[in-house]
Amino acid sequence: MEALIPFIPYLMIPIMVIVYLSTVPIMIQVERKVSAWLQYRMGPNRVGPLGLLQPIADALKMLSKEDVIPNHVNKWLYIAAPALMVFPAFFVAGVIPLGVLTIAGQDVMLQIGHTNIGILYVLAISSIAVYSIAFGAWASNNKYSLLGGMRSAAQMMSYELPMGLSILGMIMLTGSLRLEEIVNFQMNSVWGIVWQPLGFLIFFTTAYAETNRLPFDLTEAEAELVAGYHTEYSSLKFGMYYLGEYCNMLTASFMVTILFLGGWHVPFLGSLNVDPFVKQLIQVGAMAFKVAFLMFTYVWVRWTLPRFRYDQLMNLGWKKLIPLALANVVITAVVMAF
Amino acid sequence: METVLQYFSINPVFYIFATLAVIFALMMVTSENPVYSAIFLVLTFFCLSVIYLTLEAEFVAVIQVLVYTGAIMVLFVFVIMLLNLGRDAQLTEYAGPMKYLSILLGFAILIQIGLATKVTFSIGAKGAYPIERVNEMGNTEAIARELFSQYLYPFEIASILLLLGMIGAIVISKKRPD
Amino acid sequence: MSITVKNVSLPRGKSWIDNTYVIPVFKGLMLTFRHLFKRKDVLRYPEEKKVLPPNYRGLHMLTRDDQGREKCVACEMCSTACPADCIRIVAGDGGWEDSREKHPVEFEIDELRCIFCGMCVEACPEDAIDMTDMHNLADYTREDFIYNKERLLGVYDEYIKRHPDHAKRRDGVFKKMMNSSYFTVSDVEKAKHGTGH
């Protein structure tokens, strides 16, 4: 067993890929089913038992559709842009810890890369995703696409600031940028949501804006922009945007869990009289549960809140969230100083 | 004497990404479409951040991506798209006889840098934070300690400069009541 | 006329807490969460089918009398009344072994042109044309939607199997109900069992 320990990061690579890739079909099903239930509908129930094979049907449809490259597009960028969406979505998985296991008396972090800039890395890589949308929109040579792309560029940039500021409070409390340290801090005290309720709210809000989900999906805004940046995309290229969006949602859910919901911490687990290894497995399961709940929340919020207007979005970002996030940082600093 | 080049020669990753960075930078300058220029600049920044990583300066690498690639270049792209610089606004008009002079000057600087790195540039005396200590305490912490103690004054000056820029932008964009 | 400007202020919450929208958003989320478990107001269509009212205006049929003979006398009242001009009749002399003046040699309804207004049914003096509750018409070509006499009679044969009391439909309670402007499916059910009206 002990010989296995150096290989854990390498083993984690396929595991993370599987986690990310399997989330997408599950989310397609959840999105369609929950959307239906919230509207008193049944949702897909034809393909397979209870409609459970619907994601496979969706994927096959996506694969077998004609891949249209319109004449008026900028060909190279048009093809490269969807790939650029998937690249950062998978790249961020490199620092996300899933839990900790004790193998042969040694604590092993279930994580690909142990870097001391974990959270900055996630922020930096996920900020690249905007290029995919902006370039895809520009390459499409379509006014609706371009409008969507420009909105997304402005939106992502505006909401990155409060996002970065809102996690500052947690970083100040833990004194580390390492994701596993942040979780350890919460395991030894209470969850981050208790320490930083305001920071949690701001981060949670900006997470929706950064992943272009409702109520902040102005980049798509089907009512006004046809389909926004992916108007001209079809087949697997559209599928890649789809994939990237769900992967970004998963990353955002991981970040909320790790920063504010205690990561793999389960309350009162210490008093349970079971084998420590089983406990650690329960913790990994708890992490999965929290992330799954947050993913469900994405769909839930989608059918609760209407889309923002563009000026409302900018007002919320610059006039409300940034001052609030700054105030949160100052308050945290003052409280910590005394 | 251990030179910078010798230090780099250990790492093949450096050569790959340095070459890429130079190629992308050249393409950035030579491409006629402003959007292409922006893309190649983004790629150059990305390669630069990888070079920072080979120097074990993770914090600087990530900040490079976060600030330059993730924020400043997005603004550039945004403005280029907003102005919609198409084929009409190609930048060829600036390429006059000055082009040849600039190429000459560029080569002169290149040779100068090459000579400088070969002759005088070496890894200087080890400061308070040699690589072993940095690895021990963490990159970010080392930078923070230096920035907020020894270099606090320049740091604050830079902050005020940025603040002034922000205020200036607000003043310019504000509607005048006339 | 001058334009009057009216400034409409946004509705404000009761306290500053409401105006942060945190608690209202949470309330909204709770509301939608309850809706997750509500009864689903849908028919699982191919398995369950809606009970349509007896005056539902679906696919046409040409009715037969109690001896199975076509009632139509080719008077062309229906095609005259038709606002969409979708009925084509070629009349021939005789019919029912020469006991009648005319009979339709050809009778065609183009169901794609038809607007399902029911004017033909109203116009018919013989109750020979009527409408069914069949609404799920689907075919591969436009020509398949042109129903000729045989097909329209076939529709009747099919329909009468499902609704043996079709003849009653035109009189009594049903007639009264059909003339009233509004009734519900449950009214029809009541009428069928002789409890309503």
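The values are calculated or read from the model by the stated rules, or taken from the named source; none is laboratory data. Remember, it's a predicted structure, so these values are computed and weren't measured experimentally. Because the Cβ atoms are built from the backbone with ideal geometry, glycine has one as well, and the counts that use them run over all protein chains shown.
General observations
- Under the condition of being away from chain C (no Cβ under 12 Å), surrounded by 17 or more Cβ atoms within 10 Å (Cβ to Cβ) and assigned to a helix (DSSP H, G or I), the residues counted in segment A:299-311 number 0.
- Looking at A:Ala89, A:Ala129, just one residue is within 14 Å of another protein chain (Cβ to nearest Cβ) and closer than 17 Å to A:Thr23 by Cβ, and that residue is A:Ala129.
- Flag for B:Leu104 being within 30 Å of B:Glu141 (Cα to Cα) and either of a type in the set (Val, Ile, Thr) or at pLDDT 75 or above (or both): no
- Members of segment A:46-70 found to be surrounded by 15 or more Cβ atoms within 10 Å (Cβ to Cβ) and not aliphatic (A, V, I, L, M), listed by number: A:Gly51, A:Gln54, A:Pro55, A:Asp58
- Among the candidates A:Val194, A:Val190, residue that is part of a loop (DSSP other than H, G, I, E, B) and surrounded by fewer than 23 Cβ atoms within 10 Å (Cβ to Cβ): A:Val190
- Residue under evaluation B:Leu20, criteria (1) closer than 21 Å to A:Gly113 by Cβ; (2) of a type in the set (A, V, I, L, M, F, W, C); (3) surrounded by fewer than 18 Cβ atoms within 10 Å (Cβ to Cβ); (4) modelled with pLDDT of 85 or more, criterion not met: (1)
- Single condition A:Ile112 does not satisfy, out of (1) under 19 Å from the mean Cα position of the chain (by Cα); (2) more than 12 Å from every other protein chain (Cβ to nearest Cβ); (3) part of a helix (DSSP H, G or I): (3)
- Note on segment C:130-169: residues that are over 15 Å from C:Leu62 (Cβ atoms), in contact (Cβ under 8 Å) with a residue 40 or more places away in the chain, assigned to a loop (DSSP other than H, G, I, E, B) and not acidic (Asp, Glu) amount to 2.
- Residues satisfying the stated conditions in segment A:262-298, i.e. in a loop (DSSP other than H, G, I, E, B) and either of a type in the set (A, V, I, L, M) or within 14 Å of chain C (Cβ to nearest Cβ) (or both): A:Val266, A:Leu269, A:Leu272, A:Val274
- Residues considered: A:Ala223, A:Ala207. Of these, the only one that is farther than 14 Å from A:Thr257 by Cβ and in a helix (DSSP H, G or I) is A:Ala223.
- Search result, residues across segment C:53-103 that are touching a residue at least 24 places away in the same chain (Cβ under 8 Å) and assigned to a strand (DSSP E or B): C:His60, C:Met61, C:Leu62, C:Arg64, C:Glu70, C:Ile87, C:Lys102, C:His103
- Scanning segment B:135-147 turns up no residue that is in a loop (DSSP other than H, G, I, E, B), of a type in the set (S, T, N, Q) and at pLDDT below 85.
- When residues in segment C:42-79 are screened for being under 21 Å from the mean Cα position of the chain (by Cα) and either within 14 Å of chain A (Cβ to nearest Cβ) or of a type in the set (Gly, Ala, Ser) (or both), 9 of them pass.
- Any hit, segment A:15-24, residues being buried (at least 18 other Cβ atoms within 10 Å of the Cβ), away from chain C (no Cβ under 14 Å), touching a residue at least 40 places away in the same chain (Cβ under 8 Å) and within 30 Å of A:Asn141 (Cβ to Cβ): yes
- Checked against (1) over 25 Å from A:Asn328 (Cα atoms); (2) free of Cβ contacts under 8 Å to residues at least 60 places away in the same chain, A:Met163 meets all criteria but (1).
- Any hit, segment A:121-135, residues being modelled with pLDDT of 85 or more, in a helix (DSSP H, G or I), in contact with a Phe, Trp or Tyr (Cβ under 6 Å, 6 or more places away or on another chain) and on the phi < 0 side of the Ramachandran plot: yes
- Scanning segment C:8-52 for residues that are among the small types (Gly, Ala, Ser), under 24 Å from A:Ile202 (Cβ atoms) and not in a helix (DSSP H, G or I) yields a count of 2.
- Qualifying residue in segment A:149-170 (condition: part of a helix (DSSP H, G or I), of a type in the set (Val, Ile, Thr) and either more than 14 Å from chain B (Cβ to nearest Cβ) or within 13 Å of A:Gly317 (Cα to Cα) (or both)): no
- Unique match (being in contact with a helix residue (DSSP H, G or I) (Cβ under 6 Å, 6 or more places away or on another chain), on the phi < 0 side of the Ramachandran plot and away from every other protein chain (no Cβ under 14 Å)) among A:Pro44, A:Pro82: A:Pro82
- Helices (runs of 4 or more DSSP H) completely within segment B:9-69 that count 1 or more residues being out of contact with any helix residue (DSSP H, G or I) (no Cβ under 8 Å at 6 or more places or on another chain), hydrophobic (A, V, I, L, M, F, W, C) and over 22 Å from A:Met156 (Cα atoms): B:12-30
- Summed over segment B:53-72, the residues that are among the small types (Gly, Ala, Ser), over 11 Å from the mean Cα position of the chain (by Cα) and more than 7 Å from chain A (Cβ to nearest Cβ) give a count of 1.
- Within segment A:69-82, residues that are within 10 Å of A:Ser132 (Cα to Cα) and without any contact (Cβ under 8 Å) to a residue 40 or more places away in the chain have Cβ atoms under 8 Å from residues that are aromatic (Phe, Trp, Tyr) and not in a loop (DSSP other than H, G, I, E, B) in no pair, counting only partners at least 6 apart in sequence or on another chain.
- The set of residues in segment A:132-148 that are out of contact with any Leu (no Cβ under 7 Å at 6 or more places or on another chain), buried (at least 24 other Cβ atoms within 10 Å of the Cβ) and facing chain B (nearest Cβ under 7 Å) contains only A:Ala134.
- Here A:Pro197 does not fit the description of being modelled with pLDDT of 85 or more and in contact with a Leu (Cβ under 6 Å, 6 or more places away or on another chain).
- Check on C:Asp127, within 14 Å of chain A (Cβ to nearest Cβ) and either at pLDDT 90 or above or assigned to a loop (DSSP other than H, G, I, E, B) (or both): no
- Criterion: free of Cβ contacts under 8 Å to residues at least 24 places away in the same chain, assigned to a helix (DSSP H, G or I), within 14 Å of another protein chain (Cβ to nearest Cβ) and not aromatic (Phe, Trp, Tyr) - qualifying residue of A:Ala3, A:Ala36: A:Ala36
- You will find that of A:Val301, A:Val278, the residue that is of a type in the set (Val, Ile, Thr) and farther than 24 Å from A:Glu160 by Cα is A:Val278 and no other.
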